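> The structure that follows is given in the form of C-alpha cells.
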Amino acid sequence: MPLLPGAEPYRHRGGPVGVLLCHGFTGSPQSMRPWADRLVTAGLTVSLPLLPGHGTRWQDLQVTRWEDWYAEVARELLLLSEECEQVFVAGLSMGGALALRLAAEHSELISGVVVVNPSVRSDTPAGVLLPALRHLVPSIPGVAGDIALDGASEVGYHRTPLHAAWSLSRLWREVQRDLPRVTQPVLLLRSPQDHVVSPANSALVLARISSVDVTERLCERSFHVATLDHDAGLIFEESLAFVERLTNVVRAEDRQG
C-alpha cells in the first residue's frame, strides 16, 4: 500500500545529541516534520518514524495494536542511543503517551521528555463501549486536522478504526500506571483550545510524574495539532532551549556567527 504524501518516516544523522519524535494516533510524520527540520538546523540527530498501520489507509491501522506502535519507537530509541551521547524523546498526542512510556521504561537512555497535547486518558464516556462496539462498527469519523491556522492541514485518516482505538485505551492504562516512574526533566506544551484531547490529560501527566524539573507552556493560538499551527514556532524554540539547557549543544546558526 503506497504511503500518503508527506507520511514518509524521516531520519537525519547530526551531532551527538538525538531527538526521537513520535506522531499521533491516525496521524503521520507529516505533523512533526517541520519540528524535525528545525531540530536538524540546530545540529541535532533526529529520528521521526512512521508508526505501524499509519500513513496509508485506516484499514491498515485496524489490524495493529499499541504494542506494535510502541515497539517501533522503542527500536528507534535504541538505535539513537547507540549513535548519540544523549537522547531526548518528544511526542504529539498519542505520541506523547509513547514518549512517556519510553521514559518510564528506559530512564537510563533518556535525558528529557517533551510532550505536546499528550493523550493519556479517555475523554468520552462512550469509551466504555469500545470493547463491544469495535466488533459491531469498524470505524467512526476521524479526529485529524484540528488546526486553527488557515491553510494548514494534517495528513491523517478521515476514519478512526475501533479495534485500534480500543488498543489505544489499553496503552493509556499502561501509561497512567507508569507515570510515577518518569523522573526525567519534562517540557509539556498544551493548547487551551483543543478539540481532540481535554486539559485533563495534561493535568494527569503533571500530577503523576515524579520529575522535579517540569515546565509547562501554553499554545494559546493553536488547536490540537499545535506542531502545524500558530504556535509551532513556540514549540520548536522551547524544545530547543530545553535540550540545550540539559546539554552543551550550541545551535548551528550560532556557531556560524
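The values are calculated or read from the model by the stated rules, or taken from the named source; none is laboratory data. Just so it is clear, the model here is predicted, and its values are computed rather than measured. Backbone-built Cβ (ideal geometry, glycine too); neighbour counts: all protein chains shown. Surface areas here come from the heavy atoms of the whole protein model, side chains and all, with no ligands, DNA or RNA. Shrake-Rupley method; radii C 1.70, N 1.55, O 1.52, S 1.80 Å.
> Quick one: angle between helix 199-208 and the longest Cα principal axis of the chain, in degrees between 0 and 90, rounded to 10, please.
Value to nearest ten degrees: 60.
> Which FRET efficiency, nearest 0.05, do residue 124 and residue 207 yield, Cβ-Cβ r, R0 30 Å?
Result of the calculation: an efficiency of 0.90.
> While we're on this one: May I ask for the angle, rounded to the nearest 10°, between helix 232-245 and the longest principal axis of the chain, with both axes built from Cα atoms and the value confined to 0 to 90°?
50 degrees
> Could you give me the percent of Cα pairs per 10 Å distance bin for region 12-119, shortest bin first, beginning at zero and ending with the bin that holds the maximum distance?
Result, from short to long distances: 16, 51, 29, 4 percent.
> Accessible area per residue of the chain at 1.4 Å probe, in Å²?
So the chain comes to 41 Å² accessible per residue, rounded to a whole number.
> Okay, moving on. When each pair of different Cα atoms in the chain is counted once in the 1/r mean, what is the Kirkwood radius in angstroms, to one decimal?
Computed over Cα pairs of the chain, the Kirkwood hydrodynamic radius comes out at 18.0 Å.
> Another question, if that's okay. With the full set of protein chains in place, find how many percent of the accessible area of the chain is carbon and sulfur; take the probe as 1.4 Å.
Carbon and sulfur atoms account for 54 percent of the accessible area of the chain.
> With no solvent and one point per C-alpha, what does the Debye sum give as log10 I(q)/I(0) for region 164-237 at q = 0.12, 0.18 Å⁻¹?
After summing over all Cα pairs, the log10 values are -0.38, -0.83.
> Could you work out the relative contact order of region 61-121, using alpha carbon pairs under 8 angstrom and six or more residues apart, expressed as a whole percent?
33 percent
> So what is the relative contact order of the chain, in percent, for Cα pairs below 8 Å that sit 6 or more residues apart?
The value is 21 percent.
> Regarding region 115-176, what is the average projected area of its C-alpha convex hull, in nm²?
Mean projected area for region 115-176: 5.1 nm², to one decimal.
> Same structure, new question: Let me spell out the model: positive unit charges on the Cβ of Lys and Arg, negative unit charges on the Cβ of Asp and Glu, origin at the Cα centre of region 163-241. What dipole size does that give, in debye rounded to 20?
440 debye
> May I ask for the percentage of alpha-carbon pairs in region 29-72 that lie more than 17 Å from each other?
Here the tail beyond 17 Å accounts for 45 percent of pairs.
> State to the nearest 20 debye the size of the charge dipole of the chain about its Cα centre, where the only charges are +1 on K and R beta carbons and -1 on D and E beta carbons.
In debye, rounded to 20, the chain gives about 600.
> Of 119, 247, 92, which is farthest towards the positive pole of the chain's charge dipole, taken about the Cα centre with +1 and -1 on the beta-carbons of Lys, Arg and Asp, Glu respectively?
Highest projection toward the positive end goes to 119.
> Sum -39500 (n - 2.57) across every DSSP H segment of at least 4 residues in the chain, then divide by the residue count to get the 222 nm mean residue ellipticity, nearest 500.
When only DSSP H runs of four or more count, the value is -10500 deg cm²/dmol.
> When only C-alpha pairs under 8 Å and at least 6 residues apart count, what is the relative contact order of region 155-235, in percent?
Averaging sequence separation for qualifying contacts and normalising by length gives 31 percent for region 155-235.
> So if I place +1 on the C-beta of Lys and Arg and -1 on the C-beta of Asp and Glu, and nothing else carries charge, what would the dipole magnitude of region 1-86 be about its Cα centre? I want it in debye, nearest 20.
240 debye
> Let me ask something else about it. Mind jotting down the three principal axis lengths of region 102-233 based on Cα atoms? Whole angstrom, largest first.
Taking max minus min along each principal axis of the Cα atoms, region 102-233 gives 44, 36, 25 Å.
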